[in-house]
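The values are calculated or read from the model by the stated rules, or taken from the named source; none is laboratory data. Quick caveat, the model's predicted, so the values are computed rather than measured. Cβ placement follows ideal geometry from the backbone for every residue including glycine, while neighbour counts extend to all protein chains displayed. Surface accessibility is based on the protein's heavy atoms, side chains included, excluding ligands, DNA and RNA. Shrake-Rupley method; radii C 1.70, N 1.55, O 1.52, S 1.80 Å.
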Amino acid sequence: MARPREFDVDIVTNRALGLFAREGYECTSLADLENETGVDRKGLYNTFGSKRGLFIEALKRYEERAIEVLVAPLESAGAGRPEIVHVFGIMASQRGQLKENRGCLFCLTAQSDVAQSEEVADRVQGFLQRFRHGFANALRGARTVGDLAPHKKPEVMADFLMGTVMGLSAMVRARRPNAQIMHYVDTALSTLD
């Protein structure tokens, strides 16, 4: 008879997520995961299959939260400039990318070797594409009400804002001063005028 699992999978996934967000996939060892989660490698492997399996579960958890907090407001009917400003405000706050100087886990993962895995690459690209579509939706809404300069193309500006997200993530991970980060965000948002 199999022994019942002696740990809460949600708690372990959340703890692993925090570690992966701080250190990235490559810099996180199994020993680090054991220490962070309090579960030995046998328990981790029996539950998640591998370090990559645990990472994918953590990435899914991160995606759920990021969609709820960042992407869904941009996708909503009637979204416009206020939603874009709000999203960047969250990202540049202590509850967003500035939390523990993490940056965006998808941006970090996109630049790492683990993104060579098809499953990871598909998840990362799917999220980034959905985020971009959310920006495009909000930019179209902004243009409809006159909050986006008429000569600005929503699709082009959505690409620029995604670049801004990625740049913001890099600045946060590089521990740039908050004033520099806010100047970066304010300058990016001023391009909507």
Which one of these is surrounded by fewer than 18 Cβ atoms within 10 Å (Cβ to Cβ), in contact (Cβ under 8 Å) with a residue 24 or more places away in the chain and in a helix (DSSP H, G or I): LEU189, LEU108? LEU189
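Here is a yes/no grid of residues against (1) more than 12 Å from the chain's Cα centre (by Cα); (2) not charged (D, E, K, R):
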{"site": "VAL12", "(1), (2)": "yes, yes"}
{"site": "CYS27", "(1), (2)": "yes, yes"}
{"site": "GLU64", "(1), (2)": "no, no"}
{"site": "ALA110", "(1), (2)": "no, yes"}
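Taking the stretch 54-95 as the region of interest, how many residues are out of contact with any Phe, Trp or Tyr (no Cβ under 9 Å at 6 or more places or on another chain), hydrophobic (A, V, I, L, M, F, W, C) and in a loop (DSSP other than H, G, I, E, B)?
Of the residues in the stretch 54-95, 2 are out of contact with any Phe, Trp or Tyr (no Cβ under 9 Å at 6 or more places or on another chain), hydrophobic (A, V, I, L, M, F, W, C) and in a loop (DSSP other than H, G, I, E, B).
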Identify the residue in the stretch 76-105 that is among the charged types (D, E, K, R) and over 18 Å from ALA158 (Cα atoms) and, among all such residues, is surrounded by the most Cβ atoms within 10 Å (Cβ to Cβ). ARG102
Of residues in the stretch 15-53 being over 17 Å from ASP113 (Cβ atoms) and not in a helix (DSSP H, G or I), the one most open to solvent (accessible area, probe 1.4 Å): ASP40
Only one residue in GLN180, GLN129 is of a type in the set (S, T, N, Q), part of a helix (DSSP H, G or I), modelled with pLDDT of 95 or more and under 19 Å from GLY103 (Cα atoms). Which one? GLN129
Got a number for residues in the stretch 116-158 being among the acidic types (Asp, Glu) and buried (at least 20 other Cβ atoms within 10 Å of the Cβ)? 0
